Amino acid sequence: MPLALIVEQLLNGLQLGLMLFLLAAGLTLVFGIMDTINLAHGSLYMIGAYLAATVTEAAGSFLIGILAAVIGTAAIGAALEIALFRSLYRRSHLTQVLATFALILIANELVRIVWGSQPISLNMPASLSGPIEPVAGFRYPAYRLVVIVAGIAVGLLLYVGVTNTRVGMWVRAAASDREMASAMGVRTSRLFTFVFAAGAGLCAVAGALLGPLLAVQVGMGENILILAFVVIVIGGIGSVRGALVGSLLIGIVDTAGRAFLPALFRVLFPPAISSEAGPALASILIYVLMASVLFFRPRGLFPARG
Amino acid sequence: MRDSFHISLSPGATAAAVAALVLLPIALNAVDQSFYIVLATRILIFGLIATSLNLVIGYAGMISFGHAAFVGAGAYTAALLIRGGFDSAWIAWPSGALAGALLALVVGAVSLRTRGVYFIMITLAFAQMVYYVIVSLKILGGDDGLNVPHRPVIGLGVDLRSDAHFYYVVLAIFVLLLAVLRRFLNAGMGRAIQGIRDNETRMEAIGFATYRLKLSCFVAAGAVAGLGGGMIAALNGFVSPSLLQWQQSGLLMVMVILGGAGRFLGGMLGAAVLLGADEILSDYTTHGSLGVGIVLLLVVLVSPQGLSSLVRRQLG
Amino acid sequence: MSPPAGLCVDGLRKRFGGVAALDGVSLALDAGELHALIGPNGAGKTTFIQVLSGADRADAGSIVVDATEIAAFPMHRRVRLGVARSYQISSLFANFSVLENIALAIQARSPRPFAAWEPLNADTALVDRATDALNDVGLAARAEIRAGDLAHGEKRQLDLGLALATGARLLLLDEPMAGLGAADAAKFVALLAALKGRVTIVLVEHDMDTVFRLADRISVLVYGRIVATGTPEEIRRHAEVRRAYLGEEAEGG
């Protein structure tokens, strides 16, 4: 197996993992701090992608498109938090699941009404549309490399923010013990709005960056949402570090699995089995991984609460 | 003596309801709307499936987000058997139930070691696994699914190819299973699972093997869901992976909540409302989901008891 | 009621992260003994109850009830053997009546708890036994009240009643009188005194009057270790105990 192919797949996995991290970080914080399941997190990602596509088309600039998407989605996130999620914090998980499931239905239909059922296109900047050759003999799409770099940058920003700023400290305190944090004077209600809006902004970044690579269409949020949930369950709810580890793990395992498992099966098994078993196993690999992690660590790898 | 667990059905109302259901096809035929018999059959089947989920969510308090997988398992099993020449409903449908039960056993055995939101996520993940496996296997038709070439045979002078006959068979199964469920819920096992819902830790602390109890409940629900799946496969004449999508699991949960989680007829009511609304709305708009979403959101937010109680308090 | 059980705990250890909540605890109780466990907050008393009841697993050590080693048993199996606990914060079935609460506990100990196909009000035998159990804890008058609606003192009674109704031979009581006013507390002490000898009791309690009045023997747990065991008189005179635990009270009072 050529080294270049392996490196390429690992980079793809890294890219997926970093984008997953952007979603998972917001999700795990909302979960960890507000103890709230938000199925509509994927819808924020979708809205981010749609906003990016529309503004990029109108303004002619991908950068402006992303910026508009982040600001717009964060604003929507803040509005949702104030208007709806505040009523959900004290309710049961079942209520939250159903309410946010309703949000998915509403969001999908609204998007369908405004933009139609057909996928819309979000084009990557022309300057990035070709491959580059970072190392002699190895070519990789420039855009994907930029996505990786952007993901790392945002991730670092998040890490620095969470560990080194006052707000970040509040966030970590609240994730570890919400009541105690509130008793210690953390303004929980504003913090919640901020966390929610920030999570929405991160979703928008992921949506905008992935838009050119995947289709921008109604329902795009659902598939990645499930991956994000797998990530935070593996990583441990409430833990940003867990979200990072989980995302990279899932991103790489899923990508490498899909790329190499079928080939591996073809080597090991007769075609009658391998032609289907390989891809089938590849598609469920991350769920097997999740079940295994939960078997040994029922609360994930780095649960935020003791 | 007060009995907080007791499900009481007024004999008069029950008899009237059953009578109405029995007369329905006749009435529909009379007004030349016999097309709706199939819809009514579908509502009964989903009512049964939703009731099985209500057992898990509403009565036992386990928020399972992967119930569609058991329906799908039953549907595909029945479809494969009928396609393979095993025409008899006496084989196809119980096999569907068995498939649902076995899958629930595996999923439950692993998932029930977790609690709270981890449980929700792991049940969802398992359902996804089943979905993706089915989609990947060509012998299961992949994305397109499988045709069920004809309705199964049941004998006893009943011809399932007749929509009316199919309806009556489903109705009989429905009434029978609901009666069994009511008996079960009103007795020792029913008290125990509701005890688990109320305070699982204390149930264990007074000597109940809660894991085993929850697993039994989960498997029983999986069996009924599998049976429902088998009946759907026969009714529709095909099975497709869309039966197993997680949105389907979500819709089943919606049925339970709309109808009333923890209320005996909650699943039935929810199925009737959702499927009925879908039928009516689809004539007017393709954006029916918007309405469903808004209604669901309002119900969830405004529900006076708060869905977190999940119990209809039958006070005194 | 079945005969009370003897308890022998040896070398019990339990760590949480870096903290040793139980650091080699050994204790032997005679059948029918009421043994109080006292010690400063955070000493490990609740952990001791958790580990004994099966809510948590010890890292090391043995727990022998009569002749049976139970350290590896899951909680419900220990309850079947006769080891039951009560909770410092009342843990009840809030949505069910007091009688139904007790009925659940009695149902659990039946050899075939799900054989019944009858609703509760048709099962007169069960209802009778539950009513008797309610009499034992003085709640018979409140049988039909929803457990969540009980007064605080009554909830403590029911919490104890649930543990008793399992047919326990060894009771693990975690501050059963937490939050009780003087009148309720006196009633509770009488309740516990009536149980003495019929059931072996491990009593975690803060109120020294109660402890000295009820206990056959007392153990003092400090930082996960037992620093002293003896009769109330012996403990009262024990120098190290006075210093570490009672000392400040004696000086201040």
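Observations, loosely collected:
- Checking every residue in the range C:165-172 against the condition of being within 8 Å of chain B (Cβ to nearest Cβ), touching a Leu at 6+ places or on another chain (Cβ under 7 Å), more than 18 Å from C:A193 (Cβ to Cβ) and part of a loop (DSSP other than H, G, I, E, B) gives zero matches.
- For the range B:219-236, the criterion of being within 14 Å of chain C (Cβ to nearest Cβ) and out of contact with any Pro (no Cβ under 8 Å at 6 or more places or on another chain) is met by at least one residue.
- Reported count of residues in the range B:119-129, each being more than 7 Å from chain A (Cβ to nearest Cβ) and either over 20 Å from B:P241 (Cα atoms) or free of Cβ contacts under 8 Å to residues at least 24 places away in the same chain (or both), is 1.
- Test: residue in the range A:76-87 that is touching a residue at least 60 places away in the same chain (Cβ under 8 Å), more than 13 Å from every other protein chain (Cβ to nearest Cβ), surrounded by fewer than 21 Cβ atoms within 10 Å (Cβ to Cβ) and touching a strand residue (DSSP E or B) at 6+ places or on another chain (Cβ under 7 Å): no
- Among the residues listed as C:L126, C:L27, C:L52, C:L22, the single one being over 16 Å from C:G167 (Cα atoms), aliphatic (A, V, I, L, M), within 14 Å of chain B (Cβ to nearest Cβ) and outside any loop (DSSP other than H, G, I, E, B): C:L52
- Out of C:I63, C:I89, C:I70, one residue alone is within 28 Å of C:A141 (Cβ to Cβ), more than 10 Å from every other protein chain (Cβ to nearest Cβ) and of a type in the set (V, I, T). It is C:I89.
- Leading residue by the ranking (nearest to the other protein chains (Cβ to nearest Cβ)) among those in the range C:92-105 that are in contact (Cβ under 8 Å) with a residue 60 or more places away in the chain and hydrophobic (A, V, I, L, M, F, W, C): C:A105
- In the range A:278-306, the residues that are more than 7 Å from every other protein chain (Cβ to nearest Cβ) and farther than 25 Å from A:V171 by Cβ form Cβ pairs under 7 Å with partners that are of a type in the set (F, W, Y) and not in a loop (DSSP other than H, G, I, E, B), at six or more places apart or across chains, as follows: A:G278/A:F265.
- When the test is whether a residue is over 30 Å from B:F119 (Cβ atoms), assigned to a loop (DSSP other than H, G, I, E, B) and more than 14 Å from every other protein chain (Cβ to nearest Cβ), A:L213 passes it.
- A:V149 being in a helix (DSSP H, G or I) and in contact with a helix residue (DSSP H, G or I) (Cβ under 7 Å, 6 or more places away or on another chain): no
- Test: residue in the range C:32-44 that is modelled with pLDDT of 90 or more, hydrophobic (A, V, I, L, M, F, W, C), surrounded by fewer than 23 Cβ atoms within 10 Å (Cβ to Cβ) and more than 12 Å from C:L170 (Cα to Cα): no
- Among (1) facing another protein chain (nearest Cβ under 9 Å); (2) within 15 Å of the chain's Cα centre (by Cα) - the single one C:I38 does not satisfy: (1)
- For the range C:106-123, residues that are of a type outside the set (G, A, S), crowded, with 16+ Cβ neighbours inside 10 Å and within 7 Å of chain B (Cβ to nearest Cβ) total 6.
- All positions within the range B:130-157 that are without any contact (Cβ under 8 Å) to a residue 60 or more places away in the chain, hydrophobic (A, V, I, L, M, F, W, C) and not in a loop (DSSP other than H, G, I, E, B): B:V133, B:I139
- Checked against (1) outside any helix (DSSP H, G or I); (2) in contact with a helix residue (DSSP H, G or I) (Cβ under 7 Å, 6 or more places away or on another chain); (3) over 21 Å from B:V302 (Cβ atoms), A:Y143 meets all criteria but (1).
- Looking across the range C:140-164, the residues that are of a type outside the set (A, V, I, L, M), part of a helix (DSSP H, G or I) and within 12 Å of chain B (Cβ to nearest Cβ) come down to C:R142, C:G148, C:D149, C:D159, C:G161.
- Of everything in the range B:199-211 that is within 9 Å of another protein chain (Cβ to nearest Cβ) and of a type in the set (D, E, K, R), the residue that is surrounded by the fewest Cβ atoms within 10 Å (Cβ to Cβ) is B:E204.
- Hits in the range C:150-196 (condition: of a type in the set (K, R) and either in contact with a Pro (Cβ under 7 Å, 6 or more places away or on another chain) or buried (at least 18 other Cβ atoms within 10 Å of the Cβ) (or both)): C:K155, C:R156, C:R169
- Residue within the range A:234-250 that is farther than 21 Å from A:L67 by Cα, part of a helix (DSSP H, G or I) and out of contact with any helix residue (DSSP H, G or I) (no Cβ under 8 Å at 6 or more places or on another chain) present: no
- In the range A:150-163, the residues that are more than 11 Å from A:L22 (Cα to Cα) form Cβ pairs under 7 Å with partners that are in a helix (DSSP H, G or I) and of a type in the set (K, R), at six or more places apart or across chains, as follows: A:V162/A:R172.
- Hey, B:G96 among the small types (G, A, S) and within 17 Å of B:L235 (Cβ to Cβ) or not: yes
- Among the residues of the range A:245-263, at least one is of a type outside the set (D, E), more than 27 Å from B:P241 (Cα to Cα), within 13 Å of chain B (Cβ to nearest Cβ) and buried (at least 20 other Cβ atoms within 10 Å of the Cβ).
- Restricting the search to helices (runs of 4 or more DSSP H) fully inside the range B:1-99 and requiring at least 1 residues that are among the aromatic types (F, W, Y) gives B:36-54, B:67-83.
- Candidates in the range B:172-198 are the residues that are within 27 Å of B:L24 (Cβ to Cβ) and of a type in the set (D, E, K, R); of these, the one that is farthest from the other protein chains (Cβ to nearest Cβ) is B:R182.
- In the range A:106-113 there is no residue matching the filter, namely being at the interface with another protein chain (Cβ under 8 Å from one of its Cβ atoms), part of a helix (DSSP H, G or I) and either touching a strand residue (DSSP E or B) at 6+ places or on another chain (Cβ under 9 Å) or closer than 21 Å to B:S64 by Cβ (or both).
- Test: residue in the range A:42-56 that is crowded, with 22+ Cβ neighbours inside 10 Å, at pLDDT 90 or above and within 13 Å of another protein chain (Cβ to nearest Cβ): yes
- Answer residue from the range C:204-253, given it is acidic (D, E) and surrounded by fewer than 13 Cβ atoms within 10 Å (Cβ to Cβ) and is modelled with the highest pLDDT among those: C:E233
The values are calculated or read from the model by the stated rules, or taken from the named source; none is laboratory data. What you are looking at is a predicted structure, and each value in this text was computed from that prediction instead of being measured. So basically every Cβ, Gly included, is an ideal-geometry build from the backbone, and we count neighbours across all protein chains shown.
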